[in-house]
Amino acid sequence: MAKAEFGMVGLGTMGRNFLLNVAENGFAAVGYDLNAEKRDLLEQEGAGLPVKAAADVATLVASLESPRRIMMLVPAGPIVESVINELLPHLEPGDILIDGGNSHFPDTDRREAFLMEHGIAFVGVGVSGGEEGARRGPSIMIGGDPAVYENVSPILEAVSAKVNGEPCAAHVGRGSAGHFVKMVHNGIEYAMMQLIAEAYDLLRVSSPHVSKGSQQKSNELRQDDPVSNSELADIFTEWNRGRLNSFLVEITATVLRKTDPETGNSLVDMILDTAGQKGTGKWTSQAAMDLGIPIPAIDSAVTMRQISAQKAFRTTLSTQFPSSIIDNYQLVISNVESALNAAFIAAYAQGFSLLRAASDEMGFELDMVEIAKIWRGGCIIRAAMLEDIRAAFSEEPELENLIASPRFQPALSAGREDLRRVVVAGAAEGIPTMAFAATLNYLTAFATERLPANLIQAQRDYFGAHTYQRTDREGTFHTDDWDM
């Protein structure tokens with residue numbers, strides 16, 4: 001085989017599938033992994049395709065045409081540093097190294113500066129879509145130098161998902177923009193998953209109070225006739241046919257239908273209620289805090305995963321503080337659908353407002369229209385409403401926050417009322433709805449002309465002489481005699 005056009009270090013599920021995708025799109029490819037079994041698996045699954053495995057790093061590099069394009073799909077952290085150090089002696093000025101893992105964006109900035117000293121281009125790339133996306137078409141968020149992007153774009157755009165013929169791969173901004181955008185993508189993903197979980201919990205636990213049609217009375221479902229997981233799957237399937245059409249709602253229905261082959265029970269009921277996380281949600285919250293951007297739904301989702309991990313402590317407290325149920329409320333499924341739709345809009349709005357602030361502060365030069373475009377397909381947060389988000393930013397390029405777009409105001413106005421109903425129902429039933437409540441208060445606070453921050457400023461001036469501004473004239477003021 002002639003020299004390859006694209007190399008891959010890391011032949012785990014993601015790396016192997018991505019490289020097979022490259023080869024299937026007609027680009028000669030070569031991959032390397034320390035694990036010989038993974039190298040063998042690449043060649044087995046790539047039989048008939050222009051792809052081969054290299055026995056070592058030196059062979060990988062020697063197998064590639066210049067300038068070499070090598071992607072790393074390895075776990076974020078020290079392993080990335082190790083791979084870079086192993087590759088560096090074999091690389092030449094002009095070669096391109098691509099980090100396709102979930103690296104923290106400050107690490108990407110540091111690595112780019114380090115490799116620049118050696119004449120090596122370094123590109124941080126966010127890849128979303130899981131193993132199936134890697135094989136059939138992910139969403140790809142590319143950062144770094146635009147000139148370097150031109151060198152890798154034919155391959156990355158070819159392997160990406162397509163929506164209406166448009167590739168879901170693009171240069172989203174300079175420097176570490178690719179990894180920053182992917183981080184925020186994952187933060188939005190955290191929020192959407194938590195919101196779906198809260199909707200599921202509310203429908204499941206409060207089934208005696210949930211009527212299946214907006215015209216039915218709430219008492220038509222009895223305590224001895226709860227909503228089954230199969231019925232819940234039907235609800236999510238129906239939602240996925242409408243405005244909540246999205247990958248996450250779609251797979252929720254699939255998950256709820258799955259039977260555990262070992263017990264015959266619904267599989268979701270056999271899964272322990274402790275959710276894991278790899279850090280991108282936490283990083284999103286940290287970045288938002290640093291930039292002064294409120295993202296309460298994402299923060300709540302991170303917090304709920306942390307609480308879920310403390311299973312033993314929760315079990316103990318549940319016996320000390322048993323829930324008291326209040327029966328005098330009514331909720332219908334359409335209320336939950338409306339609330340979830342509004343909350344999805346708000347989750348995207350929080351993520352995009354963070355991207356806007358980061359672009360201004362860090363010089364990323366992010367294109368919101370392009371980001372919305374490439375999130376429409378391949379990625380985990382792909383959803384029908386991203387087409388409206390793309391249109392909103394096209395119509396108002398300087399739009400500060402999606403919640404101010406006329407495109408979303410009708411859904412948010414109706415959704416706020418249903419968010420109230422959902423939060424009240426959760427409180428009445430003893431069901432935590434932290435992400436729904438955070439969303440409700442986010443929308444309410446932004447729609448409130450006067451907040452009680454005046455009292456906070458008075459308190460700060462009292463104990464720390466932090467000063468305050470007045471409502472009746474310009475300037476900064478301090479009161480010395482608060483106790484008089």
In whole Hz and in residue order, list the ³J(HN,Hα) couplings for region 125-138 that follow from phi through the Karplus curve 6.51 cos²θ - 1.76 cosθ + 1.60, θ = phi - 60°; x for Gly and Pro. 10, x, 10, 10, x, x, 5, 5, x, 4, 7, 10, x, x
Length-normalised contact order of region 183-446, Cα under 8 Å, at least 6 apart, in percent, tallies to 28
Which residues' amide hydrogens lie under 5 Å from the amide hydrogen of V163, considering only partners 5 or more residues apart or on another chain, with H built in the peptide plane? C168
Tell me whether the chain comes out rounded, prolate or oblate; compute the Cα gyration tensor, take square roots of the eigenvalues as a ≥ b ≥ c, and use a/c under 1.5 as the rounded threshold. oblate
Cut-off under 5 Å, modelled amide H: who pairs with A4 long-range: L64, E65
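Run the numbers for A47 and D483: contour at 0.36 nm per residue of separation, minus the present Cα-Cα distance, in nm.
Numbers: separation 436, 0.36 × 436 = 156.96 nm, distance 8.28 nm.
In short, 148.7 nm is gained.
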Distance between modelled label sites at S334 and Q286, nm, 7 Å Cα→Cβ extension: 4.6
Using the Karplus curve 6.51 cos²θ - 1.76 cosθ + 1.60 with θ = phi - 60°, work out ³J(HN,Hα) for each residue of region 371-377 in order, rounded to whole Hz, and write x for Gly and Pro. 5, 4, 5, 6, 7, 6, x
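State to the nearest 20 debye the size of the charge dipole of the chain about its Cα centre, where the only charges are +1 on K and R beta carbons and -1 on D and E beta carbons.
Details: 40 positive and 63 negative charges, 163 e Å.
Roughly 780 debye, rounded to the nearest 20.
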Suppose the Debye formula is applied to equal point scatterers at every Cα of region 397-472; what is log10 I(q)/I(0) at q = 0.16, 0.21, 0.26 Å⁻¹? -0.80, -0.93, -1.12
Residue farthest toward the positive end of the dipole of the chain, with Cβ of Lys/Arg at +1 and Asp/Glu at -1: which of M71, V369, L20? L20
Column: log10 I(q)/I(0), Debye, Cα scatterers of region 237-286, q = 0.17, 0.31 Å⁻¹: -0.75, -1.01
Lysine pair count for the chain [Cα-Cα under 24 Å; pairs on different chains or 8 or more apart]: 12
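Roughly speaking, what is the stretch gain from A55 to L34, that is 0.36 nm per residue apart minus the C-alpha to C-alpha distance, in nm to one decimal?
Numbers: separation 21, 0.36 × 21 = 7.56 nm, distance 0.83 nm.
So the extension gain works out to 6.7 nm.
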Segment A2-T319, extension gain: residue separation times 0.36 nm, minus the distance between their alpha carbons: 107.3 nm
Between I307 and R470, what is the label-point separation in nm under the 7 Å Cα-to-beta-carbon projection? 4.4
Fewest Cβ neighbours within 10 Å first, please rank R450, R174 accordingly. R450, R174
For region 468-476, Karplus couplings with θ = phi - 60° (6.51, -1.76, 1.60), whole Hz, Gly/Pro x: 7, 9, 10, 7, 9, 6, 6, x, 10
Among trypsin sites (Lys or Arg not before Pro) in region 262-323, those in a DSSP loop whose Cβ has at most 15 other Cβ atoms within 10 Å are K278
Under 5 Å between amide hydrogens, which residues at least 5 positions from V51 or on another chain qualify, with H placed 1.01 Å from N in the peptide plane? A29
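Read-outs throughout are calculated quantities, based only on the coordinates presented, and are distinct from any laboratory measurement. These figures come from a predicted structure and were not determined experimentally. Virtual Cβ from ideal backbone geometry, glycine too; neighbours counted across all protein chains shown.
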